[in-house]
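Single-structure report; data block below.
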Amino acid sequence: MSDHSHHLKTPSGKPRARSLGIGFDGTPGPFNAITDVPGVSVGYSTLISGDGPLVVGKGPVRTGVTAILPRPREALATPVFAGIFSQNGNGELTGSHIVEETGAFNFPITITNTHSCGVSRDGTLRWMQRVLPAALDSAWGLPVAAETYDGFLNDINGHHLTFDDVAAALDGAAGGAIEEGSVGGGTGMITFGFKAGSGTASRVVKWQDNSYAVGAFVQSNFGKRRNFTIRGQCVGPDLAEPAIREGTRRAEKGSIIAVIATDAPFLPHQMKRLARRVPLGVAMTGGFGYHSSGDIFLAFSTANPGAALAPSGHIAKADFIPDTDIDPFFDAVIQCVEEAILNALVANDDMTGRDGNFVPALPKAWLKKRFG
């Protein structure tokens with residue numbers, strides 16, 4: 001496919017938001033994905049099996065894990081400067097303390113369901129020991145693992161995710177165009193009462209004589225239907241149907257994890273500033289950080305690898321764009337997050353899970369008529 005086609009369809013042919021005529025601000029990268037940041041790759045393990053009544057430990061299963069590699073495999077021990085922001089802390093992101101303390105992390109990021117977050121974290125360490133054992137010879141590892149809740153569709157207490165599934169997602173991580181919707185950790189997720197999950201987008205930011213990529217990846221699982229907004233139009237009240245069907249009562253347990261990546265040279269405090277802009281992109285779609293929502297955001301820069309590895313006893317030097325020039329990167333974060341959420345919704349189909357619980361897909365024909 002041409003670069004333009006990557007903006008309209010996922011590799012499997014699922015539509016993306018732009019294919020419905022929805023217009024967005026900013027200039028996307030070639031793949032309109034977090035993988036437009038050089039060296040960043042994404043992999044999935046998707047677990048879908050069984051139908052009918054919930055039998056804990058047997059299913060039905062609607063879950064998975066997403067792996068995001070911030071650097072090429074051979075360089076995963078090299079830290080990336082990073083910052084985190086928790087808009088609403090009803091969730092988990094492991095490794096957050098060391099990111100807060102040192103402004104950096106290394107190793108892959110994983111995102112899965114709430115009750116498998118420990119498996120994905122520990123699975124990352126097992127995988128690193130296999131593929132890059134020197135990184136753990138005389139050092140500890142504190143991988144970043146995040147979660148959102150998929151228990152309306154998935155046998156979340158059955159603990160179906162395994163270390164092998166985590167390894168498969170990590171082994172399968174690739175650059176280029178990536179799949180969206182009900183894949184990886186996003187498999188069982190819901191947004192504004194519609195089927196959602198994994199979504200991504202990117203923007204190109206020009207500064208001086210350089211072009212930099214800013215990419216977002218979201219695991220989208222939040223929001224009330226009445227607030228759903230597309231490009232400033234509150235469409236939720238017009239979309240009361242199709243409705244969720246509850247075989248078992250659905251409690252409000254939504255969340256969103258967002259990962260922002262860039263190759264622009266920024267210092268850790270600046271990465272935290274980028275992470276703080278993610279909620280503005282979420283709000284553009286009608287997400288308001290309600291009580292039960294774990295809204296936790298991580299931003300990292302692949303620049304300055306030498307500074308991140310600076311040896312003891314020497315002055316470390318790092319390049320960085322001045323804070324006074326950071327505004328276009330704020331724009332890019334907000335634009336990417338808004339589009340990534342809508343991509344997670346558009347690249348999707350209806351899903352029935354445990355106990356016949358049913359989540360409809362966003363009605364694409366209606367949207368095309370409204371925005372096309």
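Miscellaneous remarks
- Selection within region 11-34 - surrounded by fewer than 21 Cβ atoms within 10 Å (Cβ to Cβ), under 11 Å from GLU180 (Cα atoms) and in contact with a Lys or Arg (Cβ under 7 Å, 6 or more places away or on another chain): PRO15
- Look at region 44-62: where a residue is closer than 30 Å to PHE217 by Cα and of a type in the set (Ser, Thr, Tyr) and a partner is open to solvent by less than 40 Å² (accessible area, probe 1.4 Å) and assigned to a strand (DSSP E or B), sitting 6+ places away or on another chain with Cβ atoms under 7 Å, you get TYR44/GLY64; TYR44/THR66; SER45/GLY64; SER45/VAL65; THR46/GLY64; SER49/GLY59; SER49/VAL61.
- Region 13-34 residues that are without any contact (Cβ under 8 Å) to a residue 60 or more places away in the chain and within 15 Å of TYR212 (Cβ to Cβ), paired with ones that are open to solvent by less than 40 Å² (accessible area, probe 1.4 Å) and polar (S, T, N, Q) (beta carbon under 9 Å, 6 or more apart): PRO30/SER202
- Where ALA365 falls short, out of the listed (1) touching a residue at least 24 places away in the same chain (Cβ under 8 Å); (2) surrounded by fewer than 18 Cβ atoms within 10 Å (Cβ to Cβ): (1)
- Within region 140-160, residues that are under 20 Å from SER182 (Cβ atoms) sit with their Cβ atoms under 9 Å from residues that are open to solvent by 10 Å² or more (accessible area, probe 1.4 Å) and acidic (Asp, Glu), at 6+ positions apart or across chains, in these pairs: ALA146/GLU92; GLU147/GLU92; PHE152/GLU246.
- Unique match (being closer than 30 Å to PHE107 by Cα, open to solvent by 10 Å² or more (accessible area, probe 1.4 Å) and part of a loop (DSSP other than H, G, I, E, B)) among GLY289, GLY306: GLY289
- For region 178-208, a residue qualifies if it is surrounded by fewer than 24 Cβ atoms within 10 Å (Cβ to Cβ) and of a type in the set (Gly, Ala, Ser), and exactly one does: GLY193.
- Whichever residue in region 209-246 is open to solvent by 60 Å² or more (accessible area, probe 1.4 Å) and of a type in the set (S, T, N, Q) and, among such residues, is farthest from GLY23 (Cα to Cα): ASN210
- Those residues of region 249-266 which are open to solvent by 10 Å² or more (accessible area, probe 1.4 Å) and touching a strand residue (DSSP E or B) at 6+ places or on another chain (Cβ under 6 Å), in sequence order: GLY254, ASP263
- From the list VAL119, VAL131, VAL205, the one residue that fits, being aliphatic (A, V, I, L, M) and either within 16 Å of the chain's Cα centre (by Cα) or within 30 Å of ALA332 (Cα to Cα) (or both), is VAL205.
- Here HIS269 passes the criteria (1) within 19 Å of GLY83 (Cβ to Cβ); (2) crowded, with 17+ Cβ neighbours inside 10 Å; (3) at pLDDT 95 or above; (4) of a type outside the set (S, T, N, Q) except the one numbered (2).
- Selection status of ALA134, part of a helix (DSSP H, G or I) and either touching a His at 6+ places or on another chain (Cβ under 6 Å) or more than 30 Å from ARG354 (Cα to Cα) (or both): yes
The values are calculated or read from the model by the stated rules, or taken from the named source; none is laboratory data. Computed from a predicted model, the values in this text were never measured in an experiment. FYI the Cβ positions are ideal-geometry reconstructions off the backbone, even for glycines, and counts take in every protein chain you see. Accessible surface areas use protein heavy atoms only, side chains included; no ligands, DNA or RNA. Shrake-Rupley method; radii C 1.70, N 1.55, O 1.52, S 1.80 Å.
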